[in-house]
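Undergrad: This is the structure I want to talk about, given as structure tokens.
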Amino acid sequence: EADFEMRNISATGCWVYGYVGFQVLDRYGQPLPQSLNWSTQSMFGESQPPSRILLPAGTTPLGVEPRTGHAFFNLFTEDVTCDVNKNPVATIKVWPPDEYRPLTIPAQSLSGLQFGFCGGFGVDPLQIQPLPGSG
């Protein structure tokens with residue numbers, strides 16, 4: 001399980017609603033094979049249904065507490081029974097709901113942990129806060 005934060009660094013507030021698009025890329029910027037399932041159900045529990053979220057202008061930077069004005073989505077993948085080093089992920093493209101241009105981000109957490117997966121993802125809708133117990 002991985003938690004992602006979406007924030008608004010522009011000078012104008014914006015609304016988000018629904019599910020993000022998500023694609024992992026190799027070190028050459030090429031898409032890695034994957035399947036994606038958008039749902040409110042996962043083996044970790046049930047998330048809230050989609051709701052409209054206002055991201056105000058200039059939200060706090062990532063890693064700053066309290067995390068206000070951010071939207072979150074949780075990503076679930078089976079990464080236990082496979083070799084996550086077989087197809088290493090270098091970058092990730094994330095499409096905010098209703099957008100056609102992705103945001104490209106490094107495939108590691110703020111603490112430096114490398115993102116790994118084994119071909120399939122479950123994605124929760126954007127939420128006001130991460131799922132309870134997720135980190």
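The values are calculated or read from the model by the stated rules, or taken from the named source; none is laboratory data. None of these values were measured; they are calculated from a predicted model. Cβ atoms come from the backbone with ideal geometry, glycine included; neighbour counts cover every protein chain shown.
Undergrad: Going by the conditions given, is Asn74 surrounded by 15 or more Cβ atoms within 10 Å (Cβ to Cβ) and part of a strand (DSSP E or B)?
TA: Against the criterion (surrounded by 15 or more Cβ atoms within 10 Å (Cβ to Cβ) and part of a strand (DSSP E or B)), Asn74 qualifies.
Undergrad: For Leu55, are the conditions met, namely being touching an Asp or Glu at 6+ places or on another chain (Cβ under 8 Å) and in contact (Cβ under 8 Å) with a residue 12 or more places away in the chain?
TA: no
Undergrad: In the stretch 3-27, which residue that is in contact (Cβ under 8 Å) with a residue 60 or more places away in the chain and assigned to a loop (DSSP other than H, G, I, E, B) is surrounded by the most Cβ atoms within 10 Å (Cβ to Cβ)? Outline the logic, then answer.
TA: Step one: of the stretch 3-27, the residues in contact (Cβ under 8 Å) with a residue 60 or more places away in the chain are 3-8, 16-27.
In the following step, the residues that additionally are assigned to a loop (DSSP other than H, G, I, E, B) were identified as 7-8, 17-20, 26-27.
Values: Arg7: 19, Asn8: 19, Tyr17: 14, Gly18: 16, Tyr19: 18, Val20: 24, Asp26: 14, Arg27: 10.
So, considering only residues that are in contact (Cβ under 8 Å) with a residue 60 or more places away in the chain and assigned to a loop (DSSP other than H, G, I, E, B), the one surrounded by the most Cβ atoms within 10 Å (Cβ to Cβ) is Val20.
Undergrad: Can I ask one more? Could you please find all residues in the stretch 60-82 being modelled with pLDDT of 75 or more, of a type outside the set (A, V, I, L, M, F, W, C) and in contact with a strand residue (DSSP E or B) (Cβ under 9 Å, 6 or more places away or on another chain)?
TA: If the condition is that a residue be modelled with pLDDT of 75 or more, of a type outside the set (A, V, I, L, M, F, W, C) and in contact with a strand residue (DSSP E or B) (Cβ under 9 Å, 6 or more places away or on another chain), then His70, Asn74, Thr77 are the ones that fit.
Undergrad: Looking only at the stretch 53-73, count every residue that is under 17 Å from the mean Cα position of the chain (by Cα), under 15 Å from Pro96 (Cα atoms) and among the aliphatic types (A, V, I, L, M) and tell me the total.
TA: Of the residues in the stretch 53-73, 3 are under 17 Å from the mean Cα position of the chain (by Cα), under 15 Å from Pro96 (Cα atoms) and among the aliphatic types (A, V, I, L, M).
Undergrad: Which of the residues spanning the stretch 95-125 are touching a Pro at 6+ places or on another chain (Cβ under 6 Å) and either modelled with pLDDT of 80 or more or among the hydroxyl-bearing types (Ser, Thr, Tyr) (or both)?
TA: Trp95
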